[in-house]
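Below you will find the structure I want to go over with you.
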Amino acid sequence: MKKNILWVMMIVLLVTSTIAGCSNSKYDSTNVDEAVNVDKTVNAQDKDITYFMSGKVQADESAVITSKINARVLNISVDVGSTVNQGDNLITFDSKDIQAQVGQAQAGVDVAQANLNKIKSGTRPEQIEQSKATLESAKANYDNAKVNNTRNKDVFDAGGIPKSELDKSETTLTNVESAYKSAQAAFDMLNKGETAESISISEAQVKSAEAALNTAQVQLQNGAIVSPISGVVSAKNINNGELATVGAPLISIVNLDTIMINAYMPPTFINKIAVNQEVTIKVSEIPDKEFKGEISVIDSVIDSKNKNILVKIKFKDKDPLLKPGMFVEIGIRE
């Protein structure tokens, strides 16, 4: 009897254990299924975004500052990282030599203008009267010399004076005749005034002097450089005291408020995007953050070199972490 009871108890324990085991197995299976479902959801979310373009962050507004003159730098008021506004002074050159050139050019203009004014103003009445008196005196001297020379010639022919006296008389006549002709020409010029040709020449001289002055003044204006845009100094290639040469890059400025992305897209995706479409942006230098953007331009021409299409993308939100030169990937949800 005792053996039967013992067997019954063992059977009950065995059945209870089996039932409990089945129950636990069912619970574990449910957990596994749930974990699999979560993983499947995560993977599905990742697969929703297709990254099909790569590009580079760029500033839509930037400037490379160069010099228009060869000059030594007197002062640089900015450094890399400095914030500047449009019109702020960046570089001042030593321009003493140019200032001297401006002074010389201005003096040239003054002289040329004075000469032109003198010609255009004409002859004053007192000058004409003075020239007339000189002419009358010269004519009287000529008439007297002519009479004397005629008389001396008659006397010489009669043997009354030597040949040297006659030569002296003829020389005097020649000199006074020349003086008379010069006085006559001067008097005629004063009465007629300056010719149109001489006035044109003087006017051309004034214009030439003014052009030289303008050139010198422009050079003087180039003695200081101001910022053409507002932004941040991204590069500085010269220091105080160094010589700047024409065309050499001195300072670079970028407007970080205008940063955007130039990306290149395979032609096979042309039907999957549109202007104003939202995109997801991954920046290689900021791997732990995702950015949102919007397509602003889709080029209508395929690049002949890489056979891709240029797409411009603007960021939806400004972020100080974003810098020109960063590489990005562009994705869309499908």
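The values are calculated or read from the model by the stated rules, or taken from the named source; none is laboratory data. None of these values were measured; they are calculated from a predicted model. Glycine gets a Cβ as well: all are built from the backbone with ideal geometry, and neighbour counts include every protein chain shown.
Determine, yes or no, whether A138 is among the aliphatic types (A, V, I, L, M), over 30 Å from E210 (Cβ atoms), buried (at least 16 other Cβ atoms within 10 Å of the Cβ) and assigned by TED's automatic domain parsing to the domain that holds K207.
Spelling it out, A138 is indeed among the aliphatic types (A, V, I, L, M), over 30 Å from E210 (Cβ atoms), buried (at least 16 other Cβ atoms within 10 Å of the Cβ) and assigned by TED's automatic domain parsing to the domain that holds K207.
Still on this model: Given the conditions (1) modelled with pLDDT under 90; (2) closer than 30 Å to K314 by Cα; (3) β-branched (V, I, T), which single one is not true for V12?
(2) is the only condition that V12 fails.
Output the residues belonging to segment 187-239 that are basic (K, R) and assigned by TED's automatic domain parsing to the domain that holds G103.
Of everything in segment 187-239, those that are basic (K, R) and assigned by TED's automatic domain parsing to the domain that holds G103 turn out to be K192, K207.
What about A105, is it assigned to a helix (DSSP H, G or I) and closer than 23 Å to Q219 by Cβ?
yes
State all residues of segment 171-226 that are of a type in the set (A, V, I, L, M), without any contact (Cβ under 8 Å) to a residue 12 or more places away in the chain and under 21 Å from V102 (Cα atoms); if no residue qualifies, say none.
A204, A211, V218
Then there is this: Scan segment 78-110 residue by residue and report those that are crowded, with 16+ Cβ neighbours inside 10 Å and of a type in the set (A, V, I, L, M).
V78, V84, L90, I91, I98, V102, A105, V109
For E329, all conditions in the list (1) part of a strand (DSSP E or B); (2) free of Cβ contacts under 8 Å to residues at least 40 places away in the same chain; (3) out of contact with any Leu (no Cβ under 7 Å at 6 or more places or on another chain) hold save one; what is the number of the exception?
(2)
Pick out, from segment 243-306, the strands (runs of 3 or more DSSP E) lying fully within it that include 2 or more residues that are free of Cβ contacts under 8 Å to residues at least 40 places away in the same chain.
286-302
Return the only residue of G293, G325 being within 25 Å of N255 (Cα to Cα) and out of contact with any strand residue (DSSP E or B) (no Cβ under 6 Å at 6 or more places or on another chain).
Unique residue meeting the criteria: G325.
Give me a count of the residues in segment 181-229 that are among the aliphatic types (A, V, I, L, M), more than 25 Å from Q104 (Cβ to Cβ) and either at pLDDT below 90 or surrounded by fewer than 13 Cβ atoms within 10 Å (Cβ to Cβ) (or both).
The total comes to 7.
Right, here's the next one. Can Q184 be described as assigned to a helix (DSSP H, G or I) and outside the structural domain of K118 (by TED's automatic domain parsing)?
It is false that Q184 is assigned to a helix (DSSP H, G or I) and outside the structural domain of K118 (by TED's automatic domain parsing).
Working only within segment 69-103, note down all residues that are in contact (Cβ under 8 Å) with a residue 12 or more places away in the chain and closer than 28 Å to Q205 by Cβ.
Once the filter is applied, which keeps residues that are in contact (Cβ under 8 Å) with a residue 12 or more places away in the chain and closer than 28 Å to Q205 by Cβ, segment 69-103 yields I69, S95, I98, Q99, Q101, V102.
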